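Notes to accompany the following structure.
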Amino acid sequence: MAAGRALLGRARATPFVCRSCSQSFQIRARRMYSTRPNDIYDVVCVGGGPAGLSLLTALRVNPVTTGLRVALVEAQDLSKTRSFSLPPTQFSNRCSSLTPASAHFLDEIGAWSHLQRGRVQEYQEMQVWDGVTGARIEFDWPPGSASSKTIAYMTENLNLTSGLLKRLDELGGVDVFDNSRVQGIEFGEESEDADLREWPVVKLSGGQSLAARLLVGADGANSPVRAFAGIESRGWDYDRHGVVATLELEGDGWGGEYSKIAYQRFLPTGPVAMLPLPGNYATLVWSTTPVNASLLKKLEPRDFLAMVNAAFRLSPVDLAYMHTQDQGQDDELAWRAQHTPVDPETIPQAAVGVQEGSVASFPLKMRHADTYISDRVALVGDAAHTVHPIAGQGLNQGQGDVQSLVRAIEYAVSHGQDLGAQMWLEQYNSERYAANHVLIGVCDKLHKLYSVESGPLVPLRSVGLKAVNALGPLKSFFMEQASGTGIKMF
Amino acid sequence: MEVASSRIRPATRTASKVCAACTSSSTSSSRPFSALNRPPPSYPGHVPLTRVERAGLAVGSGVMSLLNPYRHDLIAALGEATATPYFIYRLRDAMLSDPTGRRILRLRPRISSNTLSVEKLRQLPANTVGRAYVDWLDREGVSPDTRSQVRYIDDEECAYVMQRYRECHDFYHAVTGLPIVREGEVALKAFEFANTLIPMTGLSMLAVATLKPSERSRFWSTYFPWAVRNGVRSREVINVFWEEELERDVGELRAELGIERPPDLREIRQREREERKRQKEMQNQGR
């Protein structure tokens, strides 16, 4: 009992009990009571993706929370992530756009320097236009306004997670259970040492069971932690698939090596985006119907490249026709490009190669959990919300969640409170819920607005887009909101 | 850790084709210009017009062609002046949505006495499209060369679409069987408007005011409903590759397109003429 209370009340009495002392108490406890869970942790994070790894790194770095006992549970083998290394001519096809706010946070927790910086591409300009009318909006910071002209950083997800893992290994102090699937989560039992009836206990496939003062679900859209907490996640499927690929372009961009440009065109079937990577490479994210997505995956590389180039050049009528062909899009593009006038510098340079095996697709959906917290449970990242990739915000929202949750935990610990109590987690929920909800809603409405192919809405939305493009302060406002450096609205 | 080798598949032929096409394509877009500073023509015979000039052409040619419907050059000019901004692009997109239409746009066939041998058409069996066409040409005393060139449409591909429509107009006469008299033309124009949405065809329906009362009543009661019903539900006639359909049976092609045969206007008019002649004879005899 003394051992248990010493562990539970550690934050209040002695914030920096050395590891060996606390472990020696535990070993004694384990020998005496075999029905207790193997280990009791302050924070157990289920999910080793960007959100989970950031959370644990931030907790370890923060001087207030650095003494907490934390564990990471991940179903996949993390050694593969740790040993991520690809040659400079190959890039993973799952990439994300990190906003300056997220990059700043990663730098604060010391993970940024562990990313392979040569594989991270910052871009300074973004061209977005309507595929039906050609109305265009150009995002770039006006010269001389902001200190850095970077809009965002394009990073491979694996690069990000491997950098975070390296930092976590450097910091130490985390019990990592990788290759362990969660068999079940239930409440603990009462025993002489501790009353764990309100504590979630995670049972792993390796036989261990971990009791958590705070169980954090960073385990993706089908979160078992969220299911355990009984939190509903509501939303809808978009009936769209996001097709991704790594492409080689004919040059390193119209702005040259040091001024990269991201492109997005709104087609009636969904937006197609070409995001720059180091060198002549770029990553494609094309949200389109499931039928079109399966065709794109089956095409020969030559025809696939023709479809990609056509997506940025040809009219929706031509694209719809080319989606009905099994082959020969190459020829069709060559003909139609002669009769479709387009200024080549306003669209991405032509794609000349596709990385073998990089064409893949994933279904798009929108989900938002009813709440992010419950007794001794918190949700971050995709477990809490899933958003359309139209604005590249999903991963950044997760990083924002992590920052807010760390602040809430820090507050509770520094005030000597039980960090798993819902009262102290409420701050996280109220800080993040409304902001995330608005962003998810905006992305959803943008998707719906640009799905309309004809009718009065088309010229109206073009007028709106051109108006925003012309109104400098309004455009700057949107850019600041998207990059996370703007005024906090919610 | 061993990484699977991966090749970037170059497709330089595509790139160079796309690049060349993009940089060489004309940027003759809709930038406003003055009459003193016209952009260069997009195709031989192209005359870029300012908006005021286009409006003036539309009004002038509309009024004069109503007063003198034999001025087919004014009717053509009216068609070109009113086709932009939306209608000719819609028609071109309708062609691009159809495989045959795309083939037509690719091959750019022209109908003239060079490409269509009238002698060979005269030898076709009586029920074929080609024979109906050449019989009609002979009866009306026109040749396939009487169509004027498109001049006032800025986009080169849309200019071809307009030219194709103009050259196929005679085939529409052949397929529907409507004669070239004012009444038949108005009925056919109503059908074309319902099918192709070219504004000139709709405006031509104003010529109803110039018809005789009996003709007008016949138009509203019979031919106008026929035109609307068939124009809307049939296939786009602009997508028919006429050069390949010359030896087909007319009735079969009509059925495939979804056009029902209108009452034979020539026969009706013939009967009316005979009726009038008989009545006049009776009056003369009675006197």
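Things worth noting here:
- Subset of segment A:80-115 [within 21 Å of A:D169 (Cα to Cα), surrounded by fewer than 22 Cβ atoms within 10 Å (Cβ to Cβ) and more than 14 Å from chain B (Cβ to nearest Cβ)]: A:H104, A:D107, A:E108, A:G110, A:W112, A:S113, A:H114
- Residues in segment A:443-467 that are within 20 Å of A:Q127 (Cβ to Cβ), hydrophobic (A, V, I, L, M, F, W, C) and surrounded by 13 or more Cβ atoms within 10 Å (Cβ to Cβ): 6 in all.
- Which numbered condition B:G130 fails, given (1) surrounded by fewer than 22 Cβ atoms within 10 Å (Cβ to Cβ); (2) in contact (Cβ under 8 Å) with a residue 40 or more places away in the chain: (1)
- Entirely in segment A:273-385, the strands (runs of 3 or more DSSP E) that have 3 or more residues that are closer than 30 Å to A:L196 by Cβ: A:377-379
- Residue match in segment A:31-49 (condition: more than 29 Å from A:A262 (Cα to Cα), at pLDDT below 70 and not in a loop (DSSP other than H, G, I, E, B)): yes
- A:G253 crowded, with 20+ Cβ neighbours inside 10 Å, at pLDDT below 95 and under 30 Å from A:I137 (Cβ atoms): yes
- Filtering segment A:294-335 to residues that are in contact (Cβ under 8 Å) with a residue 40 or more places away in the chain, among the aliphatic types (A, V, I, L, M) and under 19 Å from A:G357 (Cβ atoms) leaves A:L296, A:L305, A:V308.
- Check on A:D42, touching a strand residue (DSSP E or B) at 6+ places or on another chain (Cβ under 8 Å) and either surrounded by fewer than 22 Cβ atoms within 10 Å (Cβ to Cβ) or under 30 Å from A:G207 (Cα atoms) (or both): yes
- Of all residues in segment A:231-258 being among the charged types (D, E, K, R) and without any contact (Cβ under 8 Å) to a residue 40 or more places away in the chain, the one that is nearest to the other protein chains (Cβ to nearest Cβ): A:D252
- Filter result (buried (at least 16 other Cβ atoms within 10 Å of the Cβ) and touching a strand residue (DSSP E or B) at 6+ places or on another chain (Cβ under 7 Å)) within segment A:162-178: A:L168, A:V174, A:V176, A:F177
- When B:R216, B:R271 are screened for being more than 19 Å from the chain's Cα centre (by Cα), within 24 Å of B:R139 (Cβ to Cβ) and at pLDDT 90 or above, only B:R271 passes.
- Failed item in (1) within 29 Å of B:G130 (Cβ to Cβ); (2) free of Cβ contacts under 8 Å to residues at least 40 places away in the same chain; (3) in contact with a helix residue (DSSP H, G or I) (Cβ under 8 Å, 6 or more places away or on another chain); (4) surrounded by 13 or more Cβ atoms within 10 Å (Cβ to Cβ), with B:E252 passing the rest: (3)
- Among (1) surrounded by 15 or more Cβ atoms within 10 Å (Cβ to Cβ); (2) on the phi > 0 side of the Ramachandran plot, the one test that B:P41 misses: (2)
- Selection within segment B:135-162: residues that are touching a residue at least 40 places away in the same chain (Cβ under 8 Å) and hydroxyl-bearing (S, T, Y). The member of this set that is farthest from the other protein chains (Cβ to nearest Cβ) is B:T146.
- Residue in segment A:59-74 that is in a loop (DSSP other than H, G, I, E, B) and under 21 Å from A:S358 (Cα atoms) present: no
- Number of the exception - A:M307 against (1) closer than 23 Å to A:A135 by Cα; (2) within 12 Å of chain B (Cβ to nearest Cβ); (3) surrounded by 24 or more Cβ atoms within 10 Å (Cβ to Cβ); (4) in contact with a Ser or Thr (Cβ under 7 Å, 6 or more places away or on another chain): (4)
- Flag for A:G455 being over 17 Å from A:I137 (Cβ atoms), outside any helix (DSSP H, G or I) and not aliphatic (A, V, I, L, M): yes
- Across segment A:414-442, the qualifying residues are those that are in contact with a helix residue (DSSP H, G or I) (Cβ under 7 Å, 6 or more places away or on another chain) and free of Cβ contacts under 8 Å to residues at least 40 places away in the same chain, and the one among them that is surrounded by the fewest Cβ atoms within 10 Å (Cβ to Cβ) is A:Q417.
- Here is the figure for segment A:481-490: residues that are in a helix (DSSP H, G or I) and exposed (fewer than 15 other Cβ atoms within 10 Å of the Cβ) total 0.
- Breaking point among (1) outside any helix (DSSP H, G or I); (2) in contact with a helix residue (DSSP H, G or I) (Cβ under 8 Å, 6 or more places away or on another chain), for A:Y411: (1)
- Filtering segment A:246-266 for residues that are under 24 Å from A:V452 (Cβ atoms) and either assigned to a helix (DSSP H, G or I) or out of contact with any strand residue (DSSP E or B) (no Cβ under 6 Å at 6 or more places or on another chain) (or both) leaves an empty set.
- Residues of segment B:105-127 satisfying the condition of being surrounded by 14 or more Cβ atoms within 10 Å (Cβ to Cβ) and of a type outside the set (D, E, K, R): B:L105, B:P109, B:I111, B:L116, B:V118, B:L121, B:L124
Residues checked against (1) among the charged types (D, E, K, R); (2) under 27 Å from A:S374 (Cα atoms):
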residue	(1), (2)
A:T386	no, yes
A:Q399	no, yes
A:L405	no, yes
A:E410	yes, yes
A:D418	yes, yes
A:M423	no, yes
A:K475	yes, no
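- The residues of segment B:252-282 that are assigned to a loop (DSSP other than H, G, I, E, B) and of a type in the set (V, I, T) amount to a single one, B:I259.
- All of A:L53, A:L59 fail the test of being at pLDDT 95 or above and farther than 30 Å from A:E190 by Cα, apart from A:L53.
- Positions within segment A:179-200 being within 33 Å of the chain's Cα centre (by Cα), surrounded by fewer than 18 Cβ atoms within 10 Å (Cβ to Cβ) and touching a residue at least 60 places away in the same chain (Cβ under 8 Å), in sequence order: A:N179, A:R181, A:E198
- Here B:A132 clears all of (1) assigned to a helix (DSSP H, G or I); (2) closer than 27 Å to B:D93 by Cβ; (3) at pLDDT below 90 except the condition numbered (2).
- Taking segment A:330-350 as the range and being under 27 Å from A:L446 (Cβ atoms) and more than 8 Å from every other protein chain (Cβ to nearest Cβ) as the test, the residues that pass are A:E345, A:T346, A:I347, A:P348, A:Q349.
The values are calculated or read from the model by the stated rules, or taken from the named source; none is laboratory data. In this text the structure is predicted, and so the values were computed from the model without any measurement. Here Cβ is always computed from backbone atoms with ideal geometry, including for glycine, and neighbour counts include all displayed protein chains.
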